[in-house]
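The values are calculated or read from the model by the stated rules, or taken from the named source; none is laboratory data. Bear in mind the structure is a predicted one, so any value in this text is a computation, not a measurement. All Cβ positions, glycine included, derive from the backbone under ideal geometry; neighbour counts span all protein chains shown. What goes into the accessible areas is simple: the full protein's heavy atoms, side chains included, and nothing from ligands, DNA or RNA. Shrake-Rupley method; radii C 1.70, N 1.55, O 1.52, S 1.80 Å.
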Amino acid sequence: MTQIKLIATDVDGTFLNQQRQYNHDRFDQQLTRLTAAGIRFVVASGNHLGHLEQVFAPTPRVQTFVAENGAQIVDHGQTRLETALPLPLVRDVVTAILADPQLRPQVLRLSGAHGTYIPKDDQPSDAAAQSYFFNNIVRVDDLTQVDDTIYKINGEWPNETIRTLAAQLNARFPGQINAMASGFGSIDIVAAHMNKAIGLTELAQSWDITPDEIAAFGDNDNDRDMLAHVGLGVAMQNGTASVKAVADLVTPTDNNHDGVLNVIDAILAGEV
């Protein structure tokens, strides 16, 4: 197998356990071994940058983030790539979602360069989860009037409907958006040509790393493109069937039992 030079991982349901934790000491030791082996470590997530920086604050050597499903890439504080949704398109999508009873979500948000924008009157189904995932909330009267660089539109629906609704949104705005189920009853909407695979590839090219030299971990639909694109796509044991279908490997243990860290050890040992 081609030597792995870059490891990328999703966060929720993948790197983190159900308590939203990871083994700091074990992972910090792995980072030392990865650096010695010349292997870069990248976080590839649908979450916004500020949240990811908080998650990995206990292991501050993690400094490279493919955030917003690839729409914002930051390496050691320097922006490498930004792919925004055009504001007229944001307004059209928001208007369409809010006007259609079948599409209307429990909560709708805009993830921007200067905040996560939420209507003043919206109440999340899980306030604690919202405060955990979004540390930059800005309450506004009207989402269609937000003036910012918007990386992503994000909404919450009943979990069993998100794949169907994502397909409906893509059909309504063909060639304009990429709507993806991201787990936990959430859909992420980014630019049509954008996903984690595109963002990760752009970053890897700047380091002269080919897709064959990348290992990537994920658990949900917004990870499928990334896992299918890299040399070693690793689906979580607890991942969706659609992700496992495109993976080269399924972790022997799930996210509650260090699934990612166990496979990283196997990569370092040359066992995969």
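Some notes on this structure:
- Bridges between two residues of region 1-155, per DSSP, are antiparallel at a rate of about 65%.
- Nearest 10 degrees, 0 to 90: helix 259-268 Cα axis against the chain principal axis: 40
- Region 166-272: antiparallel DSSP beta bridges as a percent of all, rounded to 5: 50
- Per-pair calculated FRET efficiency, R0 = 35 Å: ASN135 and ALA228 via Cβ, rounded to 0.05: 0.65
- Each Lys and Arg adds +1 at its Cβ and each Asp and Glu adds -1 at its Cβ; summed about the Cα centre, the chain shows a dipole of about 60 debye.
- In this calculation the C-beta distance from ALA192 to ARG33 is compared with R0 = 45 Å, giving a FRET efficiency of 0.70.
- With at most 16 neighbouring Cβ atoms within 10 Å, loop trypsin sites (Lys or Arg not before Pro) (DSSP) excluded, longest segment of the chain: 121-272
- Accessible area in the full protein assembly, largest first, 1.4 Å probe, for ILE7, ILE137: ILE137, ILE7
- The alpha carbon centroids of region 105-161 and region 167-193 are separated by 16 Å.
- Karplus-derived 3J(HN,Hα) values for region 239-252, using 6.51 cos²θ - 1.76 cosθ + 1.60 with θ = phi - 60°, are x, 6, 4, 5, 6, 4, 5, 9, 7, 8, 8, 10, 4, x Hz; glycine and proline are entered as x.
- Solvent-accessible surface of protein heavy atoms, probed at 1.4 angstrom with all chains present, puts GLU213, GLU271 in the order GLU271, GLU213, largest first.
- Neighbourhood charge, 9 Å Cβ-Cβ cut-off, centred on THR14 and excluding it, Lys, Arg +1 and Asp, Glu -1: -4
- Net charge of neighbours whose Cβ lies under 13 Å from the Cβ of ILE137, counting Lys and Arg as +1 and Asp and Glu as -1: +2
- DSSP assigns beta bridges within the chain; of those with both partners inside it, close to 60 percent run antiparallel.
- Computed on protein heavy atoms with a 1.4 Å probe, the accessible areas place PHE15, PHE133 in the order PHE133, PHE15, largest first.
- Solvent-accessible area per residue for the chain (1.4 angstrom probe, square angstrom): 42
- Here the chain exposes an accessible surface that is 47 percent carbon and sulfur, computed with a 1.4 Å probe and the other protein chains kept in place.
- Volume of the convex hull of region 129-216 (Cα atoms only), normalised per residue: 162 Å³.
- The chain: most fluctuating residue of ASP126, ASP219, ASP248 per GNM, C-alpha cutoff 10 Å: ASP126
- Summary of the geometry: region 58-87 and region 3-37, compared by the centres of their Cα atoms, lie 17 Å apart.
- Counting only alpha carbon atoms, the long axis of helix 196-206 and the longest principal axis of the chain meet at about 50°.
- Helix 162-172 vs. the chain, principal-axis angle (Cα, 0 to 90°, nearest 10): 60
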